[in-house]
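*Asks:* Once you've had a glance at the structure underneath, I'll fire off some questions.
Rule-based calculations on the coordinates, nothing more; no lab input. Bear in mind that the values here come from a model prediction, so they are computed numbers and not experimental data. Heads up, the Cβs are rebuilt from the backbone with ideal geometry, glycines too, and the neighbour counts pull from every protein chain shown.
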Amino acid sequence: MEIYDQHEQSERVRSWLKDNASAIIAGIVIGLGAIFGYGQWQQHKLRQAHTAAELFERVRAEDASAEAIAAAARQLREEYPGSGFAVLASMAEAAKQAESGNIAGARENLAWAARQADEAALRSLVNLRLARLELAAGKADAALKILDAVGNDGFAAERAELRGDILAALGRRDDARTAYLEAQAAGPANPAALDMKLSEFPSVEGDQA
């Protein structure tokens, strides 16, 4: 099983990051101005925010290599660990690591991002990725425990579908089907893919539409 083996999941994550990264950048910069007021301290913090934003733009670049992403993410974690940029960059680095088979590195970066994420939806997104990583690594029990920390912050369908995948891996077929039906009701990104999963777990009595 591949780490990110469901196209619709990956596309939803990429879309969320693309749509929200600019808002996070603006929020940090504007928020600092409102909190710290005028003077040298304000200017210092604003410069830090702009520098962190510039580093994150290296991660977002379409042609960014794995090495460039890793370098920018490392600098953000070391110099701006409390920023949303560091969390997003660590997620991007983890995705590259997972693709190359570096599961331990991906796990470390996602765990760090989960601890640092202050915004609930972002934290849920990180934990979804971490749970999927653990499932793909053959650690279904660990994946289920992580998934329990995921709220329904815009990811109800993804959460339910991933729960179904985990329960299926644990051999809990009835529970897996129930989770898939919950995902179906929540409006999955790819209904056809979910229907295929449900077809593997038929109900004896059938389900009501």
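*Asks:* In the range 155-209, with Lys and Arg counted as +1 and Asp and Glu as -1 at Cβ, which of these residues, 187, 176, 202, has the Cα nearest the positive end of the dipole, that is, farthest along it?
*Replies:* 176
*Asks:* Then there's this: Taking other Cβ within 10 Å of each residue's Cβ, how do 56, 201 sort, fewest first?
*Replies:* Ascending Cβ contact count within 10 Å gives the list 201, 56.
*Asks:* Calculate, for residue 71 and residue 203, the FRET efficiency according to 1/(1 + (r/R0)^6) with r their C-beta to C-beta distance and R0 35 Å; round to the nearest 0.05.
*Replies:* 0.10
*Asks:* Report the extension gain between residue 186 and residue 121 in nm, rounded to one decimal, defined as 0.36 nm multiplied by the number of residues separating them, less their alpha carbon distance.
*Replies:* The span from residue 186 to residue 121 would gain 21.7 nm if fully extended.
*Asks:* Using a basic spin-label model with each label point 7 Å from the Cα along Cα→Cβ, how many nm lie between residue 61 and residue 102?
*Replies:* It is 1.8 nm.
*Asks:* Another question about this same structure. Label-point separation (nm) for residue 174 and residue 145, each offset 7 Å from Cα along Cα-to-Cβ?
*Replies:* Between residue 174 and residue 145, the simple spin-label model gives 2.6 nm.
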